[in-house]
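The values are calculated or read from the model by the stated rules, or taken from the named source; none is laboratory data. These numbers were taken from a predicted model, which means no experiment stands behind them. Virtual Cβ from ideal backbone geometry, glycine too; neighbours counted across all protein chains shown.
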Amino acid sequence: MTAAGRLLRQPWLWAWVGAVAVWAATAAFTGGMGSGQVLSAALTFGAFFVIVALGQMFVVTLGPGNVDLSIPASMTLAGTVAMKTMGGAALMIPVGLALALLVGLVVGVINYSLIRLLRIPPIIATLSSSFIFQSAAIWWNRGLRVKPPAALADFTTAKIAGVPIIAIFVVLLAIAGHVVLTRTIFGRSVLAIGQNMRAAHLAGIAVERVRAATYIMCAVLAGLCGFLLAAFSGGAALNMGEEYLLNSIAVVVIGGTSVAGGFANVPGLWGAALFLFLLVTMLNTFGAGAGIRMVLTGLIIIGVIVAASGSRRET
């Protein structure tokens, strides 16, 4: 098979094709005006989607039923704790980051404890725990919106040659995630568990240890995203993670990861994140009403998923 043929069979390709297509359609409609700004915004907001989707991807790859629905609450709690602790002081940025990651660590441990010790299905366990984490964020926040340190806010909004620095950072993070998935024992164990948990156990893989590490990693990445998003948006808000609940799953699926488990890829996450943002931007630019916009978004997403699934079945 030629290199071009192998490329066309990659499930992540369709997310990128979709992203380029909707961006081109938007640029054509506006005569190219503002297309650069739209792309820059897509890279910025797409970066936040990729951070949480990276963790969600590992969880989903564990197999059917594995999903983390506590991501929005984890983001809110981590962002709230970090912002309030830093109090706008630049010297406290390392402390704020450490606390955000620590919150993610604790959240991940609690989630997996509910799944493992109480035998609660992951979707129920993480949804239930999200109410606890959200309540903790409300109690900690107490209606305040503490501004982030200026240096941290500048980092999340700065650009190099027109490219957002945060996008560059998340590209490097995604590369690290790809290496972990494809080149480490942990990543290959996640794939093996997703393909057949019993066979993985018989092969000597510490299944429950790997599952625990995966849920913890997902929560830690959610904490990191909450920290950066709060800095970008001028402070932690109690609803800051709402749109990341279903979108974290949508980015994973559109990006070519199998919901049946055992198959995942990182390149598709960026393509899917850009596609989702640019799709909404395109429909807004076209002046589509809210109802029509939701219907068209759903139909286009289904089309991309079907195309990616078809490519995966052929490989």
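Listing for the model above:
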read-out: Hits in region 97-123 (condition: hydrophobic (A, V, I, L, M, F, W, C), within 14 Å of R211 (Cβ to Cβ) and assigned to a helix (DSSP H, G or I)); value: V109, L114, I115, L117
read-out: V180, sole failed condition from (1) among the β-branched types (V, I, T); (2) touching a residue at least 60 places away in the same chain (Cβ under 8 Å); (3) surrounded by 17 or more Cβ atoms within 10 Å (Cβ to Cβ); value: (2)
read-out: Candidates T85, T126 - the one that is part of a helix (DSSP H, G or I), over 24 Å from V259 (Cβ atoms) and hydroxyl-bearing (S, T, Y); value: T85
read-out: Candidate set: region 108-131, residues that are touching a helix residue (DSSP H, G or I) at 6+ places or on another chain (Cβ under 8 Å) and β-branched (V, I, T); chosen: the one surrounded by the fewest Cβ atoms within 10 Å (Cβ to Cβ); value: V109
read-out: Members of region 20-38 found to be touching a residue at least 24 places away in the same chain (Cβ under 8 Å) and either more than 18 Å from G287 (Cβ to Cβ) or part of a helix (DSSP H, G or I) (or both), listed by number; value: V22, W23, A25, T26, F29, G36, V38
read-out: Region 235-272, subset in a loop (DSSP other than H, G, I, E, B) and buried (at least 24 other Cβ atoms within 10 Å of the Cβ), residue farthest from the chain's Cα centre (by Cα); value: A236
read-out: F232 being closer than 30 Å to V280 by Cα, out of contact with any Phe, Trp or Tyr (no Cβ under 9 Å at 6 or more places or on another chain) and buried (at least 18 other Cβ atoms within 10 Å of the Cβ); value: no
read-out: Considering residues of region 281-306 that are of a type in the set (A, V, I, L, M, F, W, C) and either within 17 Å of the chain's Cα centre (by Cα) or buried (at least 17 other Cβ atoms within 10 Å of the Cβ) (or both) only, the residue modelled with the highest pLDDT; value: M282
read-out: Set A90, A47, A78, A53: member being more than 20 Å from I115 (Cβ to Cβ) and surrounded by fewer than 19 Cβ atoms within 10 Å (Cβ to Cβ); value: A90
